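Only the coordinates and a few stated rules stand behind these numbers; no lab work does. What you see is a predicted model; the values in this text were computed from it and never measured. Counting neighbours? That spans all protein chains shown, and the Cβs are built from the backbone with ideal geometry, glycine included.
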């Protein structure tokens, strides 16, 4: 089969940038694809694009395809970032990661508690650039864990979970993107209602409606005889609201944004098989107040 | 009966496997009506899977009121308390009788309103 050359443009993290990523996914969402990523037209890559491309590469390889990164087409600044984050090394470029404002690219095959919690606590929040109390740091890490847990517990991902983050010093924000190529939340919710109510009713549910239901307190796709579940996404949502952060979720045809203005759910024209959690937290202690939290002194 | 959580599972109450371990230690004594005290000293990180398995599933055969009477926490910080409260609230709903048809009808009704 001829090699499919995919031109990676500049990718930021607006909904239209995610649309670019999902279009790339749909171009090579087959089996035995041979793909080359060309970065000649790429001037910027946000961590969401890095996590997504890393996952997509593993997905292609998992489906007996091959992926070649045309490293020579990368601009120096982007290559430096990819080296810093460990992404380049993960995909065969001879380099080793180093400390900068990149947060390491990460691929988890399994739900490795200590690995993920250490990453969140020490590499994402705890590098010293976020001046917050330890208790708040731990609360953030616990809430981020809910994203990883949700992906492993519900998505049925066969290739694991991909994440990458970055600290942006010029506006003092931390970003974390967590991507899986599993079933997707709306698809899972529809399956649940298909089994427990009817196919006809389940098929009427839009992606946005499914996401909205999944984020409600008490919603779970487990039935009531085992261990309860379903509190994780609600906890995450409450935390983001409390701390005036921003959480965006892209899953199948659904999209939601939760920020200081509330929560909005909508439907997208491009559907993607999987889920992206994209979270932004401001590194300002004044933004964060837990019940009983005393602002730290430095 | 007293247990120190850190000695049993370490400083993170995160995963369901650890939650299950605690559940298996406390479920029997609680069913016998014994008071169980759990000390969370030096435990700093919390997430819902641990709480769902350790405490949420207790509500299968112990009432919330009975649980409040028998299960005591020591040195659980506000983050942990918040996760615990949410999980228990959630578990009560989870074990209550659910009419999934009504749930989906309500969701679809809301969806129709929002599309108008």
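Per-structure values
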quantity	calculated
FRET E, pair residue B:17, residue A:40, Förster distance 35 Å, beta-carbon r, rounded to 0.05	0.15
DSSP bridge pairs, the protein assembly as shown: antiparallel proportion in percent, nearest 5	65
Inter-site label distance for residue B:24 and residue B:72 at 7 Å from Cα along Cβ, in nm	2.7
Cα→Cβ-extended label distance, 7 Å offset, between residue A:114 and residue A:203, nm	5.0
FRET E, pair residue A:12, residue A:217, Förster distance 35 Å, beta-carbon r, rounded to 0.05	0.60
Principal axes of the protein assembly as shown: Cα extent on each, largest first, Å	69, 57, 40
Choice from B:64, B:98, B:16 showing the highest fluctuation, given a GNM over chain B with Cα pairs closer than 10 Å	B:98
Three-way shape call for segment A:80-172 based on the alpha-carbon gyration tensor, with the a/c threshold at 1.5	oblate
Calculated FRET efficiency for the pair residue A:133/residue B:35, C-beta based, R₀ 30 Å, to 0.05	0.35
Stokes-Einstein translational diffusion, chain B - Kirkwood Rh over all Cα pairs, 1.002 mPa s, 20 °C, in µm²/s	139
Relative contact order, percent, chain A [alpha-carbon distance under 8 Å, six or more residues apart]	16
Shape category assigned to segment A:136-212 from the gyration tensor of Cα positions, a/c cut at 1.5	prolate
The protein assembly as shown: calculated mean residue ellipticity at 222 nm from DSSP helix runs of at least 4, using -39500 (n - 2.57)	-13000 deg cm²/dmol
